[in-house]
Amino acid sequence: MIAFDNGTKSLLLSGKNYSYCMYINCAGLLQHLYWGKKIGAADAAFLVTAHGLPASPNPDDYNKDMATDGMPSECGSFGRGDFRPATVIVRREDGAAMSRFRYVSHKIVKGALHLQGMPCARKADETLILTLKDDFSDIELDLNYSVSEDSDVLVRSAVMRNAGKDAAEIAKAFSFCTELPDTRGTWSALRLAGSWARERTPVVTPLAEGTLRIESARGYSSHQMNPFLAVLSEDCGEESGECYGFNLLYSGSFAITADVSHNKSIRVQGGINDFLFGWQLQGGETFATPQAALCYSAEGLGGMSRAYHDFFREYIIDPKRVYARRPVVINNWEATYFDFDNEKLCSIIDEAAKLGMDTFVLDDGWFGKRDGDTSGLGDWFVNEEKLKGGLKAVIGHCKEKGLKFGLWFEPEMVSEDSELYRAHPDWAIGKAGVEPCRGRNQLVLDFTRKEVVDYIFETVSKILRENEISYVKWDKNRDITENYTANLPADRQGEFWHRYTLGFYGLAERLTKAFPNVFFEGCAGGGGRFDGGALYYFPQIWTSDDTDGLERTKIQWGTSVCYPVSAMSCHVSACPNHQTGRTTPFATRGAIASLGATGYELDLTKLSEEEKAQVREQIENYKLIDELVLRGDLYRLADPFDGNYFCEMLVSKDKSKAYLVGERFRGDPCDHDRVMKLFGLNESKTYTIRELNVTASGAALMGAGLFCPRLPDCGSWVWHIEEV
């Protein structure tokens, strides 16, 4: 899978369906040659001859004619003739920052690289470690590439090492750099943008000369921009054409750039956001960047998505949890908000037991002085005036009814009206003497400080140790401001963002290891931290606070561009919807929620008998198809951003069964003859569709398709498809 040819100095990396080729040119620079459909080892020599630079065999030409400005590189240099964005910038004590990294050595090792304190691919077949040395300083750079035979994802990262005695400052530390040299014609970039309650909307824009930059400077990956970018060929569609995906396995402030140069090549790179970033590297110290997951697809966006889905399930998410049946939960938040007592909670639990749910999750308001969002955060002890008998009373009622119990925390936050803040006001992020910037009436705890993380670990652990809790919802409801800590000197404030993220990872690592039987769900005001770094600790994430049956089609569609449906927590909520005010059919809300980890977010005591019957039916349906949610291949059939329909289909790996969910947004006249062609089936197999009493070959279902049912506004349908 990783082959080095000493004669041509070429390196060929090959995964399931792709190859990635580079070589060490005569100047000792690491030149990118190829990334695309799988090729043979013998082709590497051709690539070196046909595409290798420089044309002149004299390495000194690099110092004379600035030839590096047009050279496809695996690491962009700075201040030495390459005027495109650099990959790494290191500033020495004298202020100089020019760099040019040349090849020193390489090694190929079995398995994956473990990143201390950060999420990383849990396995790999082989890893290439390329060591480069800066011409102008004592900084060494390891470029790491992990390859697996059964995956179309190439995992990249970098490690900087100060081999000298003098301190240096890393001013930019991107995880990867690659180039797409054959870009004549129209290429586009796809990003996943949005806001709270409108996360991960696919936005496609043409790439033109200059730099496209997507980023978050909010202290975490954010609702507004996901750490993912795709570069699409002109003919790229859902199931055909070439595209390249770039995903950072990182939960902090990030940046990904696509720079179209004067010669039309595209340099794509990304990593920790370099805005205000700086990391002091003393002699002998190292600095590791987050990993990035790169994917090539010749089968359009759908092929890229399925490759990423398999990668996250097989390489990132906890293997003990990834394929385990997910609990069907009832969460009390939209049923009660802060206004609850034992009687209200027990009445919801009683109904949940009758309807066949697995777990009751008690949301915000159970702790400290917490009757609204102005107080109590950080005081992780039970408010027994509100809950008579404490959590044990509610847990005991759950056990009587055959339900497990889950609990909400917001570990990273603190209210100014709290015992914790009164005891330790300096533990909140901010600058003494400067009025803090508040969000949702709360401040953010300074997770760059070990004593803060230790305290939160101990207080949350105490609750988990003393109570039978099987499920934790970990929330985070505001962005980070101030970006300052008294824990660091003035010349090291640039380390703040990344150190905060490492603090979050450290707490998540400790809690998930200390309580292996607790299922942890991630949440950040909904889907504000839906990224590969968070998925390493949380097998599923609350996809969005917006639970509307129409808007969720868009949010889940966009999320699926990169992330598997099994990672999406999807609930049925009440109508009129609490976020949009829209009323959609109960059946539609259930159908859309079934395309993920299904649960409920409403007051069960207020449901009609007809709605309760639908809940029972939805839960039974979910138990029939949850293996497809956990393991199946996703095919997106009708784009909710481009028409009157949404439709997605999950297909088992062996092509023996499938599950299709569709929604028609408006009952428009003359819009009742839509044909839906299926995808992902085996042409030679024969299938039956239960709801239609239809039997047909995979070839017919994919080639001719089926008419969509005539439905009113926001009407939905489901088809269960099985091999005969």
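We did not get these values from a lab; they are worked out from the coordinates using the rules stated. This one's a predicted model, so the numbers in the text were calculated from it and none came from an experiment. All Cβ positions, even for glycine, are placed from backbone atoms using ideal geometry, and neighbour counts span all protein chains on display.
The table that follows gives values for the structure above.
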read-out: Which listed pairs, of 354/623; 133/172; 38/320, have C-alpha distances above 24 Å, in listed order; value: 38/320
read-out: For region 271-421, fraction of C-alpha pairs farther apart than 21 Å, in %; value: 65
read-out: Relative compactness, region 215-340, computed as alpha-carbon Rg over 2.2 N^0.38 Å; value: 1.39
read-out: Residues whose placed amide H lies under 5 Å from that of residue 568, excluding near-sequence neighbours; value: 541, 597
read-out: Dimensions in Å of region 97-184 - Rg and Dmax from alpha carbons; value: 14.7, 47
read-out: Against the rule of thumb 2.2 N^0.38 Å, how large the Cα Rg of the chain comes out; value: 0.99
read-out: Using a Förster distance of 51 Å, the FRET efficiency for residue 96-residue 642 (Cβ separation, nearest 0.05); value: 0.50
read-out: Label-point separation, residue 264 to residue 388 (7 Å along Cα→Cβ), nm; value: 7.7
read-out: Ranking of 341, 82, 142 by count of other Cβ atoms within 10 Å, fewest first; value: 341, 142, 82
read-out: Relative contact order (percent, whole number), region 638-723, Cα cutoff 8 Å, 6+ residue spacing; value: 35
read-out: Helix 342-355 vs. the chain, principal-axis angle (Cα, 0 to 90°, nearest 10); value: 80
read-out: Proximal aspartates and glutamates relative to residue 677, as straight alpha-carbon distance under 14 Å, when same-chain residues fewer than 8 apart are discounted; value: 238, 239, 639, 648
read-out: Hydrodynamic radius (Kirkwood) for region 2-316, which is based on Cα pairs only, to one decimal in Å; value: 19.7
read-out: Residue order, fewest to most surrounding Cβ atoms within 10 angstrom, among 634, 276, 362; value: 276, 634, 362
read-out: GluC sites (Glu not before Pro) within region 353-443: DSSP coil, no more than 15 neighbouring Cβ in 10 Å; value: 384, 385
read-out: 0 to 90° range, to nearest 10: angle between helix 609-631 axis and the chain longest Cα axis; value: 30
read-out: Debye log10 I(q)/I(0) at q = 0.11, 0.13 Å⁻¹ for region 329-542, Cα point scatterers; value: -0.53, -0.73
read-out: Computed P(r) (all Cα pairs; region 638-723; 5 Å bins; percent); value: 3, 15, 26, 25, 15, 11, 4, 1
read-out: Residues 448, 8, sorted so that the one with the fewest Cβ neighbours within 10 Å comes first; value: 8, 448
read-out: 0 to 90° range, to nearest 10: angle between helix 551-560 axis and the chain longest Cα axis; value: 40
read-out: Estimated FRET transfer efficiency when R0 is 35 angstrom, pair residue 668-residue 612 (beta carbons, to 0.05); value: 0.60
read-out: Residue 451 versus residue 205: modelled label distance in nm, points set 7 Å from Cα along the beta carbon direction; value: 4.6
read-out: Computed over the chain: relative contact order in percent, which uses C-alpha pairs under 8 Å that are six or more apart; value: 10
read-out: Trypsin sites (Lys or Arg not before Pro) restricted to region 676-713 and DSSP loop, no more than 14 other C-beta within 10 Å; value: 677, 690, 710
read-out: Rounded FRET efficiency, nearest 0.05, which uses the C-beta distance separating residue 422 from residue 488 and R0 of 25 Å; value: 0.50
read-out: Cleavage-rule hits (GluC sites (Glu not before Pro)) in region 690-724: DSSP loop, at most 12 neighbouring Cβ within 10 angstrom; value: 691
read-out: Computed [θ] at 222 nm, helices only, for the chain once each DSSP H run of length n ≥ 4 contributes -39500 (n - 2.57); value: -6000 deg cm²/dmol
read-out: The chain: antiparallel DSSP beta bridges as a percent of all, rounded to 5; value: 80
read-out: Estimated distance in nm for a label pair at residue 1 and residue 286, the labels positioned 7 Å out from Cα along Cα-to-Cβ; value: 2.1
read-out: Positive minus negative residues near residue 591 (Lys, Arg vs Asp, Glu; Cβ under 13 Å); value: -1
